[in-house]
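Down below is the structure, laid out as structure tokens.
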Amino acid sequence: MDPRPVGVFDSGLGGLTAVHELRRILPSENIIYFGDTSRVPYGGRSAEILLQYARQDVRFLRSFDIKAVLVACGTVSTTALPALQQESDLPVLGVVEPACRRAAVRTKNKRVGLIATAASVRSGAYERTLRRLDPEITVVGKACPLFVPLVENGRFRRGDTVIETVAREYLEPMKDLGLDTLILGCTHYPLLTEIIGEIMGPEVELINVGQESAWELKRTLQSLDLLAPEGSGGVDLYASDQPEDFALQAGRFLQQQLQGTVHGVDIHRY
Ligand code: DGL
């Protein structure tokens, strides 16, 4: 048993979809969440810059006495995870491996789609992982660079013509590819589940990477005897810019009323 908190980070609000799952799956854990709102979106940046940002994000989280790090960001998971893991004496988990494991188990026709940020698709990390798990799987990846800025700006509801038009433009061409599984490879995308599901149709199963990573964290903490003693854990939120705006939106991502304030962080100090 270990009562220390788990550190979780993303470029902005998206990783809170993983925190929502963590609260459900590991209700006793305390979570320290950092959203790098001063530098969001991460998705169009180079692997070098992403590693630099991710190192600062981890250093900030490690200014607390945490027991593990969950990289609740597809973009950092696909580009910087091995380096972060190598540099850390704590367990550092990402979203790619658990999501691919789930997709490999769920696909029946072995045709898996991936939608994610440009950096994630460019990295080839999801494809590599899926092929390692099952060489017969065909992966079709598509970058959706406008999704994160739109979601960060609150444009994720059904009936919003802007997000619906953008989603149709990205996804209509994927409908004829015979996919039976679609990985939502970015933690911002679960807010678009209804819109994406409606376009892709009920025969395509959507994989929520944050949810799969939350299960993976549970298994990891269990195996290392690091689970928190039973009780009700909480979430402390930090953001590197405009914490007040972050607070206004966070409840929607967490699917619960926000308790407490969001603290500001000068991430350049880390
Ligand atoms: N939630 C991040 C991800 O999973 C968003 C990346 C971005 O900021 O573009 O990839």
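The values are calculated or read from the model by the stated rules, or taken from the named source; none is laboratory data. Computed from a prediction, not measured in an experiment: that's the story for all the values here. Positions of Cβ are generated from backbone atoms using ideal geometry, with glycine treated the same way; all protein chains shown enter the neighbour counts. Calculation scope for accessible area: heavy atoms of the full protein, side chains included, ligands and nucleic acids excluded. Shrake-Rupley method; radii C 1.70, N 1.55, O 1.52, S 1.80 Å.
Quick look at the values:
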item: From S77, S11, residue being within 12 Å of the ligand (Cβ to nearest atom), in contact with a Lys or Arg (Cβ under 8 Å, 6 or more places away or on another chain), on the phi < 0 side of the Ramachandran plot and open to solvent by less than 20 Å² (accessible area, probe 1.4 Å); result: S11
item: I25 more than 24 Å from I207 (Cα to Cα), modelled with pLDDT of 95 or more and either in contact with a strand residue (DSSP E or B) (Cβ under 8 Å, 6 or more places away or on another chain) or of a type outside the set (D, E) (or both); result: no
item: Test for A125: is it of a type in the set (G, A, S) and either surrounded by 19 or more Cβ atoms within 10 Å (Cβ to Cβ) or in contact with a helix residue (DSSP H, G or I) (Cβ under 7 Å, 6 or more places away or on another chain) (or both); result: yes
item: From E203, E194, residue being at negative phi and part of a loop (DSSP other than H, G, I, E, B); result: E203
item: Test: residue in region 186-193 that is open to solvent by less than 10 Å² (accessible area, probe 1.4 Å), farther than 17 Å from V121 by Cα, within 14 Å of the ligand (Cβ to nearest atom) and in contact with a helix residue (DSSP H, G or I) (Cβ under 9 Å, 6 or more places away or on another chain); result: yes
item: Residues being touching a helix residue (DSSP H, G or I) at 6+ places or on another chain (Cβ under 7 Å) and within 20 Å of L22 (Cβ to Cβ) - total across region 89-108; result: 12
item: Qualifying positions in region 176-185 - open to solvent by 10 Å² or more (accessible area, probe 1.4 Å) and modelled with pLDDT of 95 or more; result: L177, G178, L179, D180
